[in-house]
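Where a number appears in this text, it was derived from the coordinates with a stated rule and is not lab data. Predicted model, so just to flag it, every value in this text is computed and none were measured. Cβ atoms come from the backbone with ideal geometry, glycine included; neighbour counts cover every protein chain shown.
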Amino acid sequence: MLNRIIDDFGETSMFTGSITAIVTPMFDNGEVDFESLKKLVIRQIKAKTSALVVCGSTGEAPVLTKNESQAILETVIKAADRKIPVIAGTGSYSTQTAIENTKIAMELGADACLLVTPYYNRPTQHGLYQHFKKIADSVPVPLILYNVPTRTGCDMLPCTVKKLAQVANIVGLKECVLSTSRVEELVSQCADKIDLFSGNDDEALPAILLGFKGVISVVSNAFPGAFQKMCELALKGDASGARKINQQLMPLTQKIFSEANPIGIKWLLNEMGLISSGIRLPLTPLSEQFRAPLKAALSELSALNVGELI
């Protein structure tokens, strides 16, 4: 599996650049809109996005049924048509459930899986190590770990990541604690073993300039070309060019997260005519007071020449 991905997509690192955590389009009644999902995938491919994450938090994974999650993954894999890697969100607070989810994703053809730290039950660092090691030993698919303490109540420390980086099929980390000290520690201890990705759009550029390989992005649902160009410039060492794009993106990026993700990005994509307005409870549509500022930021950004803004 590892060799197949490297052969198919030709990366010295398995994944680099802008990886879009794709939304799950829904009709106004909350049913999944598979046709719009296919169109979103094709749009990302045209923008040369590096990879897609399916059924993550941006894809509203917690409110999807098991059958829906599988159907969404199958739809994206088919639409991607081997032109772009597909990463399936398969994490759970249950180790056994995460193993089962990951096996299914591998069998369906996912190129890798994204595994969030166990939420709610708040394991120790030793428990985190054993959890991810068990999954990696059970399923021979490339795994990207996902550390997001604001959602899970659990922070996986760099010392634990360093140990897990020794496991052959653990190939990456999506990190949402992006203090300079955390980024530097991860880069110094782990960057030679696994690929590191920012989990926050607004902090992606500094992390890449310090040694991260890219970003798993929300805002790239709307502006995939711009995010990919920013990452490419940063990875080539063109900090000035990357900062120019980042500064242009930042007003919209900040307003996207006025309420919990994916509320803002789904409203924006609907405003752009790309998806319907559907979102599932307990999430609700973007509150009225945040709509005009986000729409204004969209208008300003759309008027700028920021790479391919499709």
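Numbers at a glance
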item	result
Karplus 3J(HN,Hα) series, Hz, for segment 203-214 with 6.51 cos²θ - 1.76 cosθ + 1.60 (x for Gly, Pro)	10, 5, 4, x, 5, 5, 5, 8, x, 6, 9, x
³J(HN,Hα) computed for each position of segment 175-184 - Karplus, 6.51 cos²θ - 1.76 cosθ + 1.60, integer Hz, glycine/proline x	10, 10, 9, 10, 5, 4, 5, 5, 4, 5
Rounded to 5, the percent of DSSP beta bridges in segment 2-239 classed as antiparallel	5
³J(HN,Hα), Karplus 6.51/-1.76/1.60, whole Hz, each residue of segment 74-79, x for Gly, Pro	4, 5, 5, 4, 5, 5
Within segment 52-80: backbone nitrogen closer than 18 Å to the Asn121 label point (7 Å, Cα to C-beta)	62
Cβ-Cβ FRET estimate between Lys236 and Asn29, R0 fixed at 41 Å, reported to 0.05	0.35
Separation in nanometres of the label points that stand 7 Å from Cα toward Cβ, at Lys83 and Asp192	3.9
Ranking of Met272, Met106 by count of other Cβ atoms within 10 Å, fewest first	Met272, Met106
Inter-label distance for Lys39 and Lys133, nm, one decimal - labels placed 7 Å from Cα along Cα-to-Cβ	4.9
Residues of type aspartates and glutamates that Lys244 reaches as a straight line, Cα spacing below 14 Å, ignoring anything fewer than 8 places off in the same chain	Asp202, Glu232
Length gained when the stretch Glu100-Leu210 is fully extended (0.36 nm per residue, less Cα-Cα span)	36.0 nm
Structure-derived Cα Rg over 2.2 N^0.38 Å - corresponding label in (i) 0.99; (ii) 0.92; (iii) 1.06	(ii)
MRE, 222 nm, helices only [DSSP H, n ≥ 4, -39500 (n - 2.57), over the chain, to nearest 500]	-14500 deg cm²/dmol
Long pairs among Lys163/Lys229; Lys48/Lys213; Lys78/Lys255; Lys83/Lys236; Lys133/Lys193, criterion Cα-Cα beyond 25 Å	Lys163/Lys229; Lys78/Lys255
Packing rank of 27-38, 163-174, where each peptide gets the mean count of other beta carbons within 10 Å, highest leading	163-174, 27-38
Ranked His126, His131, criterion: other C-beta atoms within 10 Å, fewest first	His126, His131
